[in-house]
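Reading through the structure tokens given below for one structure.
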Amino acid sequence: MTEITATYYFRPKEGVSPDWAARAIAEEQTTGTWTDIATRQEYVHYLDGIIGDIKPSGAGYTCTIGYPSDIFEPGNIPQYLSVFAGNLFGLSKIAAVRLLDVEFSRELIPFNGPKFGIEGVRKLVGSEGRPHVGTIIKPKVGLNPKDTAEVAYEAAIGGVDLIKDDETLTDQKFCPLKERLPLVMEKMDQVKSETGRNVLYAVNISTAGDKIVERAREAVRSGANMLMIDVLVCGFDAVRAVAEQPGINLPIHVHRAMHAAMTRNPEHGIAMRPFCRLVRMLGGDQLHTGTVSGKMEHDASELKGDNLTLTGDFFGLKTTFPVASGGLHPGGVDKEVRMLGRDIILQAGGGIHGHPDGTRAGAAAMRQAVDAALAGIAPAQYAKDHPELKRALDKWGIA
Ligand code: CAP
Ligand code: MG
């Protein structure tokens, strides 16, 4: 019985056989190393990696490696990663290796998963079956707390469901978290009293490992209604640490800065899918997975499957809301909805704050684009009697 099965793509260097390469990976990650060793006693072999069928794929091969349960320390995510996503990427006789997917057994998921999931987040917002619209405050850095809150108000009153800090804004001098958060929440309360709508603000609590839980607590004390964690720069376990903390009963929005260093090269690194599974099991309620058309390079054919790992069945854990973000604008919404469906958060920073008539009109244009997509009306047609959408399409066109 293996407890974690990892699927790899690999391309051996010239003169190296696929069997040798697969064995080299399995050995390096379990009981072996680059040469035979006198200390590898008979009794350690029950921890050997189990190599599945090796199949040709593109310029290389794919195979699974099954890792036996006892090799893992249950719940220790850094240790899991060091097994199925560790040294193997650097083996000099293998030109490229990519971790494509990972399957876990239930016993190795001693976590509760998301507290809210798509349904829980929908309840907070009061939406039914439509994509959510989000924004990122832009510029990324520099605005003071008062102006940040003003931009948040404009976006919220214009119709977004979610506002998030950008990833490089945490708790700098020009916009301290302690000042920014209460001011933004005040504006969200104002929007609630003016429109009845509940708008979420994912405040970025990303910080060093020993401080993130304290920052989450501080955010709760200041009235936050959502937290944001940048998962790769903080480390996966940051999500678990915050999600499992008693008294922090808020949804967690998960951003993924730095992911392209691992996900972008189609032959090497780590695909998004293992990250999706990890974030969901560790308690992320929302996770960026990419856009069909946008500013970030992405293999759109992978996207549907990635999102399914967040929304499909996974040992009965709650779902994680996929987030499409990066260069999105109202003219791109139709395509996103057609390809990705309704369980999606469509997030636009530049695509809202860059609207010729400002943030409020930009937010309205995004919502109009969503309404058009849901009604099956072409954006240009819908724009005829929706001036905000019209102005956005005039600026950015249709993706
Ligand atoms: C989007 C964004 C996100 C990207 C990251 C940005 O802003 O806030 O960080 O979405 O990509 O700063 O680029 P824009 P991904 O809407 O102005 O592009 O979600 O693919 O990880
Ligand atoms: Mg950003």
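Can you give the charge dipole size of the chain about its Cα centre, rounded to the nearest 20 debye, using +1 on the beta carbon of Lys and Arg and -1 on the beta carbon of Asp and Glu?
The dipole of the chain has a size of about 1020 debye.
Measure out, as a whole number of angstrom, how far apart the alpha-carbon centroids of the stretch 198-219 and the stretch 138-170 sit.
First find each Cα centre; the distance between them is then 16 Å.
Looking only at Phe89, Phe174, Phe111, which one moves most when the chain is put into a Gaussian network model with springs between Cα atoms under 10 Å?
Among Phe89, Phe174, Phe111, the largest GNM mean-square fluctuation belongs to Phe174.
Dividing the alpha-carbon radius of gyration of the stretch 2-108 by 2.2 N^0.38 Å (N being the number of residues), what value is obtained?
For the stretch 2-108, the normalised Cα radius of gyration is 1.04.
Take the Cα atoms of the chain, find their three principal axes, and give me the spread along each one in whole Å, biggest first.
Principal extents (largest minus smallest coordinate, Cα): 73, 45, 37 Å.
Give me the net charge of Gln381's neighbourhood, meaning all other residues with Cβ under 14 Å from the Cβ of Gln381; Lys, Arg count +1, Asp, Glu -1.
Computed value for this residue: -1.
Would you mind ranking Arg11, Arg338 by Cβ crowding within 10 Å, fewest neighbours first?
Arg338, Arg11
What number comes out for the charge environment of Pro266, summing +1 per Lys or Arg and -1 per Asp or Glu over other residues with Cβ under 12 Å away?
Once positives and negatives cancel, what remains is -1.
Collect residues whose amide H, placed 1.01 Å from N in the peptide plane, falls under 5 Å from the amide H of Gly269; neighbours closer than 5 in sequence don't count.
Counting only residues 5 or more places away or on other chains, the set is Val97, Arg98, Leu99.
In 10 Å bins starting at 0, how do the alpha-carbon pair distances of the stretch 271-383 split up by percent?
The calculated distribution, bin by bin, is 15, 42, 30, 11, 1.
If each residue of separation counts as 0.36 nm, what is the full-extension length gain between Glu103 and Ala38 once their alpha-carbon separation is subtracted?
Fully extending the segment from Glu103 to Ala38 adds 20.1 nm.
Between Gln381 and Ala257, with labels modelled 7 Å along Cα→Cβ, what's the label distance in nm to one decimal, could you check?
4.2
Go through the stretch 196-206 residue by residue and turn each phi into a ³J(HN,Hα) via Karplus (6.51, -1.76, 1.60, θ = phi - 60°); whole Hz please, and just put x for glycine and proline.
x, 8, 9, 10, 8, 10, 8, 7, 7, 9, 4
Using the Karplus curve 6.51 cos²θ - 1.76 cosθ + 1.60 with θ = phi - 60°, work out ³J(HN,Hα) for each residue of the stretch 304-315 in order, rounded to whole Hz, and write x for Gly and Pro.
In residue order, the calculated couplings are 4, x, 4, 5, 5, 5, 8, 10, x, 5, 8, 6 Hz.
Taking H placed 1.01 Å from N in the peptide plane, check which residues at least 5 places from Ala348 or on another chain put their amide H under 5 Å from its amide H.
Those lying under 5 Å, H to H, from Ala348 are Gly134, Thr135, Ile136.
Starting from 0.36 nm per residue, how many nanometres of slack lie between Ser301 and Ser193 once their C-alpha separation is accounted for?
Once the chain is fully extended between Ser301 and Ser193, it gains 34.6 nm.
Search the structure for amide H atoms under 5 Å from the amide H of Val323, placed 1.01 Å from N in the peptide plane, and list their residues when 5 or more places away or on another chain.
Leu287, His288, Thr289, Gly290, Ile345
Lys/Arg Cβ at +1, Asp/Glu Cβ at -1, dipole of the chain taken about the Cα centre: which of Phe89, Ser127, Ser57 is farthest positive-ward?
About the Cα centre, the residue reaching furthest to the positive side is Ser127.
Rounding to the nearest 10 and keeping the result within 0 to 90°, find how far the Cα-based axis of helix 18-29 lies from the longest principal axis of the chain.
Tilt relative to the chain: about 80 degrees.
Between helix 387-396 and the chain, what is the angle of the helix's C-alpha long axis to the longest principal axis, kept within 0 to 90° and rounded to the nearest 10?
For 387-396 against the chain, the angle is about 50 degrees.
In whole Å, how far is the Cα centre of the stretch 288-332 from that of the stretch 1-53?
33
What's the longest bit of the chain with no exposed GluC sites (Glu not before Pro), using DSSP loop states and at most 15 other Cβ atoms within 10 Å as the test?
129-243
Of Asp19, Asp166, Asp306, which has the largest mean-square fluctuation in a 10 Å C-alpha GNM of the chain?
Its mean-square fluctuation being the largest, the pick is Asp19.
Short version: ³J(HN,Hα) in whole Hz for each residue of the stretch 112-121, in order, from phi by Karplus 6.51 cos²θ - 1.76 cosθ + 1.60 (θ = phi - 60°), x for Gly and Pro, what are they?
My calculation for the stretch 112-121 gives 9, x, x, 7, 10, x, 4, 4, x, 5 Hz in order.
Where a number appears in this text, it was derived from the coordinates with a stated rule and is not lab data. Model, not experiment: these values are computed from the prediction. In this analysis, Cβ positions are derived from the backbone assuming ideal geometry, glycine residues included, and neighbour counts consider all displayed protein chains.
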